[in-house]
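Remarks on the structure that follows.
Just so you know, all these numbers are worked out from the coordinates, no wet-lab data involved. Please read all numbers here as calculations on a predicted model, not as lab measurements. Note: ideal-geometry Cβ built from the backbone for every residue, glycine included; neighbour counts use all protein chains shown.
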Amino acid sequence: MKYPEAVKHYTESIKRNPKDPRAYSNRAACYTKLAALPEGLKDAEKCIELDPTFVKGYTRKGAVQFFMKEYEKALKTYQEGLKHDPQNPELLDGVKRCVEQINKANRGDLTPEELKERQAKGMQDPEIQNILTDPVMRQVLSDFQENPKAAQDHMKNPLVMDKIQKLINAGIVQVR
């Protein structure tokens, strides 16, 4: 069976039983194979909403996020799934692949094109936009460049460090 045809069948299945997470999970897989990532993400999220213990929803959502190169989000999704099935090989592999990609970026092993793409994607994230427009965080970032003593003080604040880590993960801030 071809994926577009399978999507039709799963859509019909969902119409008949809108509470079945498996139909959403399977349709998410088809959408992912068809590179219809926003649709796949939506179905994977619906699958998790219907049954938060059905780990296939997490593997589907994590895979879509990974293909979208949203490695931090995918990592969180896989970790969320592991709360329900700590030994799931698909989830564990997903975590490993995300960590490899995040570490690759943090080591500076990205090509200039990959870095640009990562930064552009980061700038589209509302959370990143909020961090960058927050006056306190703007001062923190300025201090990191110009005032090492103040930067050390900021590093003691877990909330600030969490935001800095998000900027690093998004490729907005680079550590040398």
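Brief remarks on what is shown
- In this simple spin-label approximation, Met68 and Asn103 carry label points 7 Å from Cα along the Cα→Cβ vector, and these lie 2.6 nm apart.
- Crossing angle, helix 56-67 versus the chain [Cα axis fit, 0-90 degrees, rounded to tens]: 50
- Extension gain from Glu127 to Ala35, taking 0.36 nm per residue of separation minus the Cα-Cα distance: 30.6 nm
- Segment Glu5-Glu49, length gained on full extension (0.36 nm per residue, minus Cα span): 13.3 nm
- Helical content of the chain, expressed as a calculated mean residue ellipticity at 222 nm, amounts to -24000 deg cm²/dmol (DSSP H runs of 4 or more residues, -39,500 (n - 2.57) each, divided by residue number, nearest 500).
- Degrees separating the helix 89-106 axis from the principal Cα axis of the chain, which is the longest one: 30
- Rg ratio for the stretch 112-169: its Cα radius of gyration over 2.2 N^0.38 Å, N being its residue count, equals 1.19.
- The angle between the Cα long axis of helix 37-50 and the longest principal axis of the Cα atoms of the chain comes to about 80 degrees, rounded to the nearest 10.
- Simple Cβ-charge dipole of the chain, Lys/Arg +1 and Asp/Glu -1, about Cα centre, in debye nearest 20: 380
- Prolate/oblate/rounded label for the chain (Cα gyration tensor, a/c 1.5): prolate
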